[in-house]
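To start, the structure itself, in structure tokens.
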Amino acid sequence: MIHGAPLSDYVRRTGSSEGASVIDSAHEDTFVWDHLPPRDLWPDFRYDLPDLQWQGRLNCADVLTGAAREAGYESRRCVTGDAESWSYGELADNVDRIAHVLVSDHGLRPGNRVLLYGYNSPMLMAAWFAVVKAGGVVVTGVAALRERELAGMVEVARPTIALCDHRLTERLRRVQEISDLPSLVSWGGEAAQLESRMQRHPRRFDAVGTAPDDPCLIAFTSGSTGRPKAAVHSHRAVLATCACFRGAALHPSPSDVFIGSSPIAFTFGLLGLICYPVYVGASVVLLERPNAQRLAAAVEQHRATMCFTVPTVYRQWLTLRLTEQLGSLRTVISSGEPLAGTTWEEFHAATGLEIVNVLGSTEMLHAYMSIGPFPARPGSVGQPIRGYQAALLDPDGQPVATGEVGELAVKGPTGCLYLDDPDQQRERVRGGWTLTGDLAWQDADGYYWLYGRADGLIVTSGYNVAPDEVEAALLEHPGVAEGLVTSEPDPARGRRLVAMVVARPDALTPDAGGAAAVIEQLRDRLAPYKLPRTIVFVRELPRTPTGKLQRRGTPDEVIARIDLAG
């Protein structure tokens, strides 16, 4: 709401509004516009680059999927899933038919929200483009989410229809019982509801002429607690991210085969495995439930050349000795959690590949920083990518000196806009900068290095400890496959540092001797107050349903807990 009236009233009357930069929005349903933050809480969007100067109507799905028809490469392979493979022409046809189903069969109006819920697949890819091409706003849900989590998303985003994999239909039906989710259509299985409806419609759909700043995506941040935080992004933001990320030293070509582990419901997966491959005319392999073994096998099978995954997978490839299956890869991209310098070095030694460490967030849509264009410095996240700028700020919002730790702030063609959450918006945006929540420092050569999370510091004996720093030191021990640092109450220190460790087979014994060996190495790398007082050997680290490390989680199986003296 803007001054108590719907934004749509201002748009229709004046062509613009105080609350947003929209001009002549195509949205008939202005729910998203009406629930964006007040204009004075917006970040500064920067479109300085010549290739970001879009004028008039702009529908990012039409631009991306229509390029093949215009350039004449409709027969080129576009996407391969677990059960099917489509050319660019087949993708475009399926996108248009799904758009017809949404509009003709379900009355979708521009600005309506559509929940997509499924595993990575060609059909999920087509559904994403179809919603956007029809002028809708995609609400993304990870297949691992359960009923209450999905109901929370429905409450915030108010989708009018859900499209889902048939294997997840019952879960969404239970969501309908506890939330306001009006309509549900599934694909796959014997019923094949969506496919049967698609066959009744033509293979051409005229894209809705959306404005560049019309919202097209609501992405929920993963790992958050309490009320889900929903980040809103526009058609312009999607295309700007593709244009800017192309300069992050990836040098893609139509001959590349993309692959990765991130769900499309995450913006890292959405841009890296959907939008970006189509933007450059390449092909992509979408795996429904990839783990390290399946991903390595698929790289080998499909001769993949460009991989988007998380540091955990690179470490598992090393631990499981799967690197021989990765010979076709020429570029590997890491994001989602800190990449330790030791992981970079070990992977480079085993494969000859330099991991391109990138830093991004749901709030910024995708990557805003990358090591790619610069000489490698293992452990660094590099420098801002093309179109972005960064600063390190103290608590008063003033820049810190080189070498000092500050909170990372960024500006560019994307930025944080939370749906109906002004309190969180005030926390995240300051002086036009989007605060990433990362603590970092910059060296004399301009490289940025992560120190930890601004909201994740552990205070022990009066000292602030960044878990990421201790975890990086843990991973330098040759017997540690994975490590996670958390804390628990301690009467003497306030909080006691606890390190959960996954030991490499035959390299570290999960007992008191192994714990002592780990601590002995840490003594040479960390100040005494940063040393864990408890080592817990576990089979696997605790993770959220979406696969992220969970500092407050409980491991499923504890092998041994060693409380150390001192």
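Tell me, which helices (runs of 4 or more DSSP H) wholly within region 255-329 include 3 or more residues that are polar (S, T, N, Q) and modelled with pLDDT under 95?
Working: elements: 267-270, 276-280, 292-302, 311-319.
Answer list for region 255-329: 311-319.
Those residues that are in contact with a Phe, Trp or Tyr (Cβ under 7 Å, 6 or more places away or on another chain) and surrounded by 23 or more Cβ atoms within 10 Å (Cβ to Cβ), I need them from region 342-356; list them, please.
We begin by selecting, within region 342-356, every residue in contact with a Phe, Trp or Tyr (Cβ under 7 Å, 6 or more places away or on another chain); these are 343, 347, 353, 355.
Listed by number, the residues that qualify are THR343, PHE347, ILE355.
Tell me, yes or no, whether region 392-410 has at least one residue that is within 15 Å of PRO338 (Cβ to Cβ) and in contact with a Gly (Cβ under 6 Å, 6 or more places away or on another chain). Break it down into steps so the answer makes sense when it comes.
Residues of region 392-410 within 15 Å of PRO338 (Cβ to Cβ): 405, 408.
Going one step further and asking which of them are in contact with a Gly (Cβ under 6 Å, 6 or more places away or on another chain), we end up with none.
The answer is no; no qualifying residue exists.
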I'd like to verify a number: residues in region 368-392 that are part of a strand (DSSP E or B) and buried (at least 18 other Cβ atoms within 10 Å of the Cβ), how many? 9
Condition met for GLN550 (within 24 Å of the chain's Cα centre (by Cα) and not assigned by TED's automatic domain parsing to the domain that holds PRO311): yes
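Would you tally the residues in region 393-422 being among the acidic types (Asp, Glu) and surrounded by fewer than 18 Cβ atoms within 10 Å (Cβ to Cβ)?
Step one: list which residues in region 393-422 are among the acidic types (Asp, Glu), which gives 394, 396, 404, 407, 420-421.
Within this subset, residues satisfying the condition of being surrounded by fewer than 18 Cβ atoms within 10 Å (Cβ to Cβ) are 394, 396, 404.
Residues meeting the conditions: 3.
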For HIS27, the lone unmet condition from (1) surrounded by 20 or more Cβ atoms within 10 Å (Cβ to Cβ); (2) in a helix (DSSP H, G or I) is (2)
Can you name the condition, by its number, that ILE333 falls short on among (1) crowded, with 18+ Cβ neighbours inside 10 Å; (2) assigned to a helix (DSSP H, G or I)? (2)
Go through region 83-121 residue by residue and tally those that are assigned to a helix (DSSP H, G or I), surrounded by fewer than 24 Cβ atoms within 10 Å (Cβ to Cβ) and of a type in the set (Gly, Ala, Ser). 2
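Results for (1) surrounded by 15 or more Cβ atoms within 10 Å (Cβ to Cβ); (2) under 30 Å from GLU363 (Cα atoms); (3) in contact (Cβ under 8 Å) with a residue 24 or more places away in the chain, shown as yes or no for each residue.
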site: GLU149; (1), (2), (3): yes, yes, yes
site: THR160; (1), (2), (3): yes, yes, yes
site: GLN176; (1), (2), (3): yes, yes, no
site: ASP206; (1), (2), (3): no, no, no
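Of the residues LEU124, LEU181, which is buried (at least 20 other Cβ atoms within 10 Å of the Cβ), among the aliphatic types (A, V, I, L, M) and at pLDDT 95 or above? Spell out how you get there, then give the answer.
On the way: LEU181 fails: at pLDDT 95 or above.
Going through LEU124, LEU181 in turn, just one is buried (at least 20 other Cβ atoms within 10 Å of the Cβ), among the aliphatic types (A, V, I, L, M) and at pLDDT 95 or above: LEU124.
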Counting only residues in region 516-553 that are touching a residue at least 60 places away in the same chain (Cβ under 8 Å) and in a helix (DSSP H, G or I), the one surrounded by the fewest Cβ atoms within 10 Å (Cβ to Cβ) is identified as TYR529
Picked from region 240-271 (must be touching a Cys at 6+ places or on another chain (Cβ under 9 Å) and buried (at least 23 other Cβ atoms within 10 Å of the Cβ)), the residue nearest to THR305 (Cα to Cα) is PHE258
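Residue-wise test of (1) at pLDDT 90 or above; (2) more than 29 Å from the chain's Cα centre (by Cα); (3) surrounded by fewer than 21 Cβ atoms within 10 Å (Cβ to Cβ).
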site: HIS3; (1), (2), (3): no, yes, yes
site: LEU7; (1), (2), (3): no, yes, no
site: ALA20; (1), (2), (3): no, no, no
site: VAL32; (1), (2), (3): yes, no, no
site: LEU41; (1), (2), (3): yes, no, yes
site: ARG46; (1), (2), (3): yes, no, yes
site: ARG57; (1), (2), (3): yes, no, yes
Of the criteria (1) over 24 Å from PHE258 (Cβ atoms); (2) not in a helix (DSSP H, G or I), which one GLU155 fails: (2)
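How many residues are surrounded by fewer than 20 Cβ atoms within 10 Å (Cβ to Cβ) and in a helix (DSSP H, G or I) if we restrict to region 64-82?
Filtering region 64-82 for residues surrounded by fewer than 20 Cβ atoms within 10 Å (Cβ to Cβ) gives 66-67, 69-77, 81-82.
Narrowing further to those that are in a helix (DSSP H, G or I): 66-67, 69-71.
Residues that pass the stated criteria total 5.
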Regarding GLY269, is this residue touching a Phe, Trp or Tyr at 6+ places or on another chain (Cβ under 9 Å), in the same structural domain as THR436 (by TED's automatic domain parsing) and at positive phi? no
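The values are calculated or read from the model by the stated rules, or taken from the named source; none is laboratory data. This one's a predicted model, so the numbers in the text were calculated from it and none came from an experiment. Don't worry about glycine lacking a Cβ; one is built from the backbone with ideal geometry, like all the others, and counts go over all protein chains shown.
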